[in-house]
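Enquirer: Mind looking over this structure? Questions follow.
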Amino acid sequence: MKRTRKPKSVNRGMPSGFVISLLVHIAAFMLAGLLVVFNVLQKEEKRFVPPAPVDRPKIKLKKPKVKVKKDARPKSTSRIVTKVQKATMPDVQLPEMSGMGNGFGGDGFAGFEIVPDLSKISAFGDIQSVGSDFEGTFYDFNRTRNGHDNVIDTDVFEAELIKFDRIGWKNSVLNKYYRAPKKLYATAIALPFMNSVMAPAVFDEPDGQGRCWIVHYKGKLVHKDGIRFRFVGDADNKLTVRVSGKVVLDATRSGQPQIAEKWLPSSADHRKWWMGHDYAAVGDLIELEPGVPLDMEVIIGETPGGGFHAMLYVMEEGVEYEKNSLGSPILPIFKTAPLSRDLQDLIHRGMQVDGGCLTGDPVFNDYFSGSEEPNAVEKSPTDDKTLAVESVEMDAPEAGGMRSWTSRTGKVIEGEYMALIGGNVVLKTIRGKQKKIALDLLSDEDVRYVSLSNPPRLELDLGKKTQSRRLKYDASHLIGILEYTFTAKVESSTMKYNHPLRVDYWAIGSEIGGNKYILLDQGSDSFIPSEQPKGNYEFSGKTVDLYDYVLASHRQRRGERYEGFLITVTDERGKIIAHRSTPTWLYKNLDKLKQLKPGNFMDDNCTRVWPTQLKIKPRG
C-alpha cells in the first residue's frame, strides 16, 4: 500500500503566542510613546520677563520767570461752611420774666432768636483781612497761657488791666494769660448788645467764660483827606482807645474802674448824651493829616459777665448832627471800610433806636473818601396779620394758544390744546370747532407737549425737625437754642410722568419784640417722578439754629419764631405747576422773595427791611 505523505502545516501553538506577544509589545510601546508625547507637549508655566530698560533723555526744565510778591494779601473768598450735628441736650431753663407771652418754649418762654452763623459773620470781625482793618486778639484771664484753668477774681482782673495801661500797653502783662490762636479783623468797632459769652464763641474758645476777658485790636488810623474829630464811646463795660501811644478815650461804664485811670476827659460834652446803656464818654481832639497813618489800639472787654456791648462813634469838628428823641446826636460809628448790608443788619438789631449811623462818612482809610448813599430805614407793617394756611393749589395747564400740530403722516393742523380724553387729544380749531386726534398719531414733539400740559397732581408739605441744645460756650446756660431742619416733601399721584421737576422751598420766621419777618432757610432740588419710589420725593436743607436770650440789663427778650413756608414745583418749561403757601403773601411776592437770602429781614411784601431796634430808656 502506497503511503501518503502528509503535507507540512503551520504549528498553531507557538506562532499564535508569538503573534499575541508581538501585539502586546507593540501596544506597550505605543502607550509609552503616547505618555512621552503628552509629557513633552505639556504647557510650560508662563513667567513674566521684564522688558529691557529704556534710556530716556533727560530734559532740563527752565524755571518760570514769574515775580511773586511775598507780602501780597490773598483776596477775600467765599467760604463754604459745614455744620457738625450736635448732641441732643435737655431743655434749656431760662430765668422767669414777668410780662412775657407764650412761645415755642412754653410758659414764660417767648420764642427763639435766629443769630447769624458765627463762622460767617460777626461784629467782632472777619477771619480774613481786607487791608484796612484792625486785628483783634482774644485774651481769657481765667486761663494761663498754656490753657490751664485759673479763675481770676474780678478785682484782680481790673488791677491787671490798670497795670497793662501803666506800662504802656506792653504784652508782658497779657502774656501770662491765655491768648486765642484765632485772629479776627474788624472794619468797625461796633459791638451791639449781646450776651458776653459770644466773645469766646466767635474766637472758637469752648473753654472760655463770659467774664474777665478782653479783645485787643491793633491797626492804623488814617484819613485820605485829613480830619479833626473826637471819639465818642458807650460800653458795658470796657472800651479804651489809644492813638500814637496816648489814651484818647476811656469809655468804661461809669462807676467802674477805668483801664486808663489817669485819663481825664477834655470835652464839656463828656457823659452828657445817653447812647444806649450809659451816658457816652467823649474823647480828646484828634487831628489827622491827609494820608498820614497813626498807630491805634482798642481794648474792649467784660468784667462780671452777662450783658456786653461796646460802640465807638466819631464826632467830627464843625459838623452838626441830627438828634434823636433823647436829644443825643446820631453819630456815625468808627469804620475803616463801608459795611456790608449783612453786617449792618447784625449791628442794627442790637442798637437802640436812633443810636447811631452805620453808613456815610467818615471812613478811615487812605483810599476811600467818597460818601456812601445812606440806606433809608424801611418801614415794616405795624398791624398784626393773620397768617392763613392755604391748601395746595394747582395752576391750570398752559393753553399756549394756537400752534401747529403734525401727524406722523405729515398732515398739519392749527389748533389750541384743550384736553386729553381717552387717548385722544382735543383741539380747538381757528373756526372754534373741536377736533379729536389720536395721541399715538401725533409727532413726538406734540406728544411731549401734551405730556407737559398734563402734570401729575402733587401734594406738598414742609417737614420740620427740631431739637434743643446748649451753647458750649455758655457755662451758666443763659442762652437757649433750637435746631430746625426743614424737609420739602412732594407726593405724586402717578409714576408715569417722566419729565424733571424742580422743587424750591422757603422757610420764614417772625420777630419777637418786633414786627419784621426773616428768611430762615431756602433749598432747591430736582427729581423725575417716574424714577422715584411711588413717584414721591423729599430732600432736607441745612440745620438752622434759633437762639433765645434775654438782655438782662434791660429785661428785654428778643428773637424770632418759626412762621411758615412756601414750596413751588416748576417743570422743564419754567412753569410753576404746583405750590403751597402759608402765609399766602409769600407766593404773591415770589419774585421779591427770590432776591433774598437766609438771614435777611423783610416785610409782608418780601421787601428787605432793617431788623427792629431796641427801645431803651435812660436810667434815673
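Enquirer: Return the residues of region 338-355 that are modelled with pLDDT of 90 or more, in a loop (DSSP other than H, G, I, E, B) and of a type outside the set (A, V, I, L, M, F, W, C); say none if nothing qualifies. Let's see the steps before the verdict.
Expert: At the first step, the residues of region 338-355 found to be modelled with pLDDT of 90 or more are 338-348.
Subset that is in a loop (DSSP other than H, G, I, E, B): 338-340.
338, 340 - these are the residues of region 338-355 that are modelled with pLDDT of 90 or more, in a loop (DSSP other than H, G, I, E, B) and of a type outside the set (A, V, I, L, M, F, W, C).
Enquirer: While we're on this one: Hey, among 530, 524, 540, 510, which residue is touching a residue at least 12 places away in the same chain (Cβ under 8 Å), among the small types (Gly, Ala, Ser) and over 29 Å from residue 609 (Cα atoms)?
Expert: Numbers: 524 fails: over 29 Å from residue 609 (Cα atoms); 540 fails: over 29 Å from residue 609 (Cα atoms); 510 fails: over 29 Å from residue 609 (Cα atoms).
When all the criteria are applied, what remains is 530.
Enquirer: Also, quick follow-up: Test of understanding: among 297, 261, which residue is touching a residue at least 12 places away in the same chain (Cβ under 8 Å) and part of a strand (DSSP E or B)? Show your work before the answer.
Expert: Details: 261 fails: part of a strand (DSSP E or B).
Unique residue meeting the criteria: 297.
Enquirer: Restricted to region 396-412, and to residues that are of a type in the set (Val, Ile, Thr) and modelled with pLDDT of 90 or more, which residue is surrounded by the fewest Cβ atoms within 10 Å (Cβ to Cβ)? Lay out the reasoning, then the answer.
Expert: Kept after step one, since they are of a type in the set (Val, Ile, Thr), are these residues of region 396-412: 406, 409, 412.
So of that shortlist, the ones also modelled with pLDDT of 90 or more come out as 406, 412.
Numbers: 406: 15, 412: 9.
Only one residue fits best here, namely 412.
Enquirer: Right, here's the next one. Quick one: would you say residue 233 is part of a loop (DSSP other than H, G, I, E, B) and under 22 Å from residue 187 (Cβ atoms)? Let's see the steps before the verdict.
Expert: Numbers: part of a loop (DSSP other than H, G, I, E, B): no; under 22 Å from residue 187 (Cβ atoms): yes.
When the stated conditions are applied, residue 233 does not pass them.
Enquirer: Residues in region 379-395: is at least one modelled with pLDDT of 75 or more and either part of a loop (DSSP other than H, G, I, E, B) or surrounded by 13 or more Cβ atoms within 10 Å (Cβ to Cβ) (or both)?
Expert: So in region 379-395, the residues modelled with pLDDT of 75 or more come out as none.
Within region 379-395, not a single residue is modelled with pLDDT of 75 or more and either part of a loop (DSSP other than H, G, I, E, B) or surrounded by 13 or more Cβ atoms within 10 Å (Cβ to Cβ) (or both).
Enquirer: Still on this structure, I have one more. Of all residues in region 189-207, which are buried (at least 22 other Cβ atoms within 10 Å of the Cβ), out of contact with any strand residue (DSSP E or B) (no Cβ under 7 Å at 6 or more places or on another chain) and in a loop (DSSP other than H, G, I, E, B)?
Expert: Within region 189-207, just 197 meets the criteria.
Enquirer: For residue 168, which of the numbered conditions (1) in contact (Cβ under 8 Å) with a residue 40 or more places away in the chain; (2) more than 19 Å from residue 200 (Cα to Cα); (3) in contact with a helix residue (DSSP H, G or I) (Cβ under 9 Å, 6 or more places away or on another chain); (4) not basic (Lys, Arg) fails to hold?
Expert: (3)
Enquirer: Could you check region 274-285 and list, in sequence order, the residues that are buried (at least 21 other Cβ atoms within 10 Å of the Cβ) and free of Cβ contacts under 8 Å to residues at least 60 places away in the same chain? Steps first, please.
Expert: Of region 274-285, the ones buried (at least 21 other Cβ atoms within 10 Å of the Cβ) are 274-278, 280-283.
Within region 274-285, 278, 280, 281, 282, 283 meet the criteria.
Enquirer: Can you find a residue in region 498-513 that is buried (at least 17 other Cβ atoms within 10 Å of the Cβ) and in contact with a Pro (Cβ under 6 Å, 6 or more places away or on another chain)?
Expert: no
Enquirer: Would you be able to say whether some residue in region 329-350 is closer than 26 Å to residue 202 by Cβ and touching a His at 6+ places or on another chain (Cβ under 9 Å)? Break it down stepwise before answering.
Expert: Kept after step one, since they are closer than 26 Å to residue 202 by Cβ, are these residues of region 329-350: 331-350.
Now drop any that are not touching a His at 6+ places or on another chain (Cβ under 9 Å), which leaves 350.
Among the residues of region 329-350, at least one is closer than 26 Å to residue 202 by Cβ and touching a His at 6+ places or on another chain (Cβ under 9 Å), which makes the answer yes.
Enquirer: Report yes if residue 152 is over 30 Å from residue 485 (Cβ atoms), of a type in the set (A, V, I, L, M, F, W, C) and assigned by TED's automatic domain parsing to the domain that holds residue 340, otherwise no.
Expert: Working: over 30 Å from residue 485 (Cβ atoms): yes; of a type in the set (A, V, I, L, M, F, W, C): yes; assigned by TED's automatic domain parsing to the domain that holds residue 340: yes.
Considered against the rule, which asks whether it is over 30 Å from residue 485 (Cβ atoms), of a type in the set (A, V, I, L, M, F, W, C) and assigned by TED's automatic domain parsing to the domain that holds residue 340, residue 152 comes out as yes.
Enquirer: Tell me yes or no: at least one residue of region 560-577 is under 17 Å from residue 193 (Cβ atoms) and in contact (Cβ under 8 Å) with a residue 12 or more places away in the chain.
Expert: Of all residues in region 560-577, those under 17 Å from residue 193 (Cβ atoms) come to 560.
The next check asks that each one be in contact (Cβ under 8 Å) with a residue 12 or more places away in the chain; those that pass are 560.
Checking region 560-577: at least one residue is under 17 Å from residue 193 (Cβ atoms) and in contact (Cβ under 8 Å) with a residue 12 or more places away in the chain.
Enquirer: Now, a different point. Taking region 311-325, which residues are aliphatic (A, V, I, L, M) and either closer than 14 Å to residue 273 by Cα or within 37 Å of the chain's Cα centre (by Cα) (or both)?
Expert: First, pick out the residues of region 311-325 that are aliphatic (A, V, I, L, M): 311-312, 314-315, 319.
311, 312, 314, 315 - these are the residues of region 311-325 that are aliphatic (A, V, I, L, M) and either closer than 14 Å to residue 273 by Cα or within 37 Å of the chain's Cα centre (by Cα) (or both).
Enquirer: OK, next. Hey, can you tell me all the residues within region 443-467 that are in a strand (DSSP E or B) and surrounded by 19 or more Cβ atoms within 10 Å (Cβ to Cβ)? So that I can check it myself, show each step before the final result.
Expert: Step one: list which residues in region 443-467 are in a strand (DSSP E or B), which gives 458-467.
458, 460, 462, listed by residue number.
Enquirer: In region 237-278, which residues are within 23 Å of residue 307 (Cα to Cα) and in contact with a Phe, Trp or Tyr (Cβ under 6 Å, 6 or more places away or on another chain)? Reasoning before the result, please.
Expert: The first filter runs over region 237-278 and keeps only residues within 23 Å of residue 307 (Cα to Cα), leaving 237-241, 249-260, 271-278.
Listed by number, the residues that qualify are 241, 249, 250, 271.
The values are calculated or read from the model by the stated rules, or taken from the named source; none is laboratory data. Please read these numbers as outputs of a predicted model, since none were measured by experiment. Note that we place each Cβ from the backbone using ideal geometry, even for glycine, and neighbour counts take in every protein chain shown.
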